[in-house]
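Participant: Handing you this structure, nothing more for now.
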Amino acid sequence: MLKPLARRSAHVAYAIRDIVQRAREVEARGRKLYKFNIGDPNTFDFRPPKHITDAVVDAMKDGKYTAYAPSDGDPELREALSKIEGVPASDIFVTSGLSEGIDFLFFSLLDEGDDILLPMPSYPLYNTKSRIYGGRGNFYRCDENWEPDLEDMRKKIGARTKAIVVINPNNPTGANYSRRTLQGIADLAAECKVPIIADEIYDKLVLDGEAVNMRSIVKDDTVLISGNGISKNFLYPGARVGYVAIHNEASGALSDAVLRLCNARLSVNWEMQRGALAAFTMGTPHLEEAKQKLRQRRDIIFKRLNEIRGISCAKPLAAFYAFPKITDARWKSDTEFAYSLLEKTGIVSVPGSGFSEGLGGNYFRLVYLAQPQVLNEALDLLEKFMKGGL
C-alpha cells in the first residue's frame, strides 16, 4: 500500500495548465474552444525561423550530437551566450527551458523560512518553486500599469530575502518596465545587497517603448542572474532550451551549485542546443513580421476589452498577454469567473489568482496570439457573456 506522499507535493500547482482538463470536458460536449491560456505561438500562425530548425535537422544527421551533451551546455553555445551577457562562459548554464533554470536557482538559494521577493502578479512557476523549497511568500506590489512599486519593494526586503525577481517584459501582464523603474530596482538591490534574478525571456518582443536588459543597468557590486531562452523570442517553446547567466558573483558558490545540479540531470538535448546556437548567432529576421502581427492583435484585444462593461485592461506593451480586471461583482472569485467563462463561451483563460493570491480575485489572463478573426469571434462571446446573454 502506498504511504502518504511527501508534503511538498501538495505545493505544486500551475494555473496556466490546471484549467486544461475542464476545457477538454467542455470540448467533448461539442463546444469550440478558444485556447487563450497558454503562451505558445506555434498553436497559432507563428513558426520558428527556418535557420533554427535547419540547424536542428543538421545536428540530427551528425552522430556527434546523439551523445550526451556537456552538462553545463554545448561549448559553442555557451561561448556565444557569454558574448551576449558579458560574462565568462563558465558562468553560463544551459537548461531545459528557463523553467529548469528557475528550479535550479530556487533550489540553490532557499532554505526553510527564507524568501525570494516576487512580483504580484508573478509567473506561477516562481510561486510554486518558492513553496516547494520552503520559501516564505513575499510579493511586491505594482501600480495600475503593472510597473513595480519601489517603496513597497523596499518594505518587503528583509534579513532572509535571498533575491529579487524581475520579470521584464512581464508575464502575465504584458508590461514593459521603464528604464527609470529598472534603475530604481538596481539601486535598491545594491543598497540592500540582494541579488536580482532577471527573467528576460520576452526581451525581443517589446511592442511599445524601449527594450532594456538589466545587465545594462546593474553595476558590478550587485549579483545579477539573467535568464533567457528560445521559447518566446525565437518562437520555439518545444525546443526546451534556456539558460541562466550569473554576473558579478565573486565567490562562485552559486555557479558551483548550479553546475552540480546540471551534472545531476545529465544534459539538455544536444540537437536542440545547436538550434539555439543558430538562434543566438544568426540574427532575428523573423521579428519584424512577428511583432507586426502581435501589435495588430494587441490593439484589437486592448480596444475591445475596454469597450466591454465590467472589464478594464491596462495596455500590454510587450510579449503576448493581456491581464484584464473584472469590475463586475457577479462572481465571487476570478476562478469562478474563468470557469464560468469557459463553460458558457469556450474561452480558456487563466484566473488571476493563479499568478498571485494577493490580487483580490479580480483578474484573468488572456493570450492574444490568435488570428484577428478568431480574437474578434472570442471577444464577441466575451461581450455577450458579460451582458448575461449566454
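Quick note: the coordinates plus some simple rules give every number you see, no bench work behind them. Keep in mind it's a predicted model, so treat the numbers as computed, not measured. With ideal geometry, Cβ positions are generated from the backbone for all residues, glycine too; neighbour counts draw on all protein chains shown.
Participant: Under a plain spin-label model, where a point goes 7 Å from the Cα along Cα-to-Cβ, how far apart in nm are VAL20 and SER178?
Facilitator: Label at VAL20, label at SER178, 3.9 nm between them.
Participant: Where nothing but the Cβ of Lys and Arg (+1) and of Asp and Glu (-1) is charged, how large is the charge dipole of the stretch 88-164 around its Cα centre, in debye to the nearest 20?
Facilitator: Details: 9 positive and 13 negative charges, 49 e Å.
The calculated dipole for the stretch 88-164 is roughly 240 debye.
Participant: Relative to the present Cα-Cα distance, how much length would full extension add between SER9 and GLU191 at 0.36 nm per residue of separation?
Facilitator: Roughly 61.9 nm would be gained on extension.
Participant: Might you report the magnitude of the Cβ-based charge dipole of the chain about its Cα centre, with Lys and Arg at +1 and Asp and Glu at -1, to the nearest 20 debye? Mind showing how you got there, number by number?
Facilitator: Working: 52 positive and 50 negative charges, 262 e Å.
Using only the charged Cβ atoms, the result is roughly 1260 debye.
Participant: Then there is this: Can you list the residues, at least 5 places off or on another chain, whose amide H is less than 5 Å from the amide H of VAL87, using H built in the peptide plane?
Facilitator: So VAL87 has HN proximity to no qualifying residue.
Participant: Relative contact order, percent, of the chain when contacts are C-alpha pairs under 8 Å separated by at least 6 residues? Working shown, then result.
Facilitator: Working: 765 pairs, mean separation 92.9, N = 390.
This gives 24 percent for the chain.
Participant: Dipole size in debye (nearest 20) for the stretch 131-212 around its Cα centre, Lys and Arg Cβ +1, Asp and Glu Cβ -1? Intermediate results must be reported in sequence, preceding the final value.
Facilitator: Numbers: 12 positive and 13 negative charges, 126 e Å.
In debye, rounded to 20, the stretch 131-212 gives about 600.
Participant: Separate question: As I understand it, the dipole of the chain uses +1 on the Cβ of Lys and Arg and -1 on the Cβ of Asp and Glu, about the Cα centre. Which of VAL57, SER340, TYR177 lies farthest toward its positive end?
Facilitator: Highest projection toward the positive end goes to SER340.
Participant: What relative contact order, as a whole-number percentage, does the stretch 50-281 give when Cα pairs under 8 Å and 6 or more residues apart are counted? Can you show the working numbers first?
Facilitator: On the way: 440 pairs, mean separation 69.2, N = 232.
Relative contact order of the stretch 50-281: 30 percent.
Participant: Relative to the present Cα-Cα distance, how much length would full extension add between LEU266 and ALA250 at 0.36 nm per residue of separation? The partial results should precede the final answer.
Facilitator: Values: separation 16, 0.36 × 16 = 5.76 nm, distance 2.62 nm.
Stretched fully, the LEU266-ALA250 segment lengthens by 3.1 nm.
Participant: Roughly speaking, what is the stretch gain from ARG47 to LYS155, that is 0.36 nm per residue apart minus the C-alpha to C-alpha distance, in nm to one decimal? Mind dumping the intermediate values first?
Facilitator: Details: separation 108, 0.36 × 108 = 38.88 nm, distance 4.33 nm.
The span from ARG47 to LYS155 would gain 34.5 nm if fully extended.
Participant: Just going by the charge dipole of the chain, with Lys and Arg at +1 and Asp and Glu at -1 on Cβ, which of LEU5, ALA290, LEU259 is farthest out on the positive end?
Facilitator: LEU5
Participant: A further question on this structure: Within the stretch 50-281, count lysine pairs with alpha carbon atoms under 16 angstrom apart where the residues are 8 or more positions apart or belong to different chains.
Facilitator: Details: LYS50/LYS232; LYS129/LYS162; LYS155/LYS193; LYS156/LYS193; LYS162/LYS193; LYS193/LYS219; LYS204/LYS232.
Qualifying lysine pairs in the stretch 50-281: 7.
Participant: Hey, another quick one. Does a label point 7 Å from the Cα of MET282, set along Cα-to-beta-carbon, have any residues of the stretch 52-87 with amide nitrogen under 13 Å, and which are they?
Facilitator: Counting only backbone N, you get 52-60.
Participant: Identify, among ILE38, GLY97, GLY361, the residue whose Cα sits farthest towards the positive end of the charge dipole of the chain, taking +1 on the Cβ of Lys and Arg and -1 on the Cβ of Asp and Glu, with the dipole about the Cα centre.
Facilitator: GLY361
Participant: I would also like to ask the following. Roughly how far apart, in whole Å, are the Cα centres of the stretch 142-187 and the stretch 191-209?
Facilitator: Centre-to-centre distance over Cα atoms comes out at 9 Å.
Participant: Next question. Restrict the search to the stretch 83-112; then list the GluC sites (Glu not before Pro) that DSSP places in a loop and that have at most 11 other Cβ atoms within 10 Å of their Cβ.
Facilitator: Details: sites: GLU85, GLU100, GLU112; in loops: GLU112.
Taking the stretch 83-112 and a limit of 11 other Cβ atoms within 10 Å, the loop GluC sites (Glu not before Pro) found are GLU112.
Participant: For the chain, set up a Gaussian network in which alpha carbons nearer than 10 Å are linked by springs, and say which option among ILE201, ILE311, ILE230 fluctuates the most.
Facilitator: Sorting by GNM fluctuation, first place goes to ILE311.
Participant: How many angstrom lie between the C-alpha centres of the stretch 242-263 and the stretch 1-28?
Facilitator: Centre-to-centre (Cα) distance: 32 Å.
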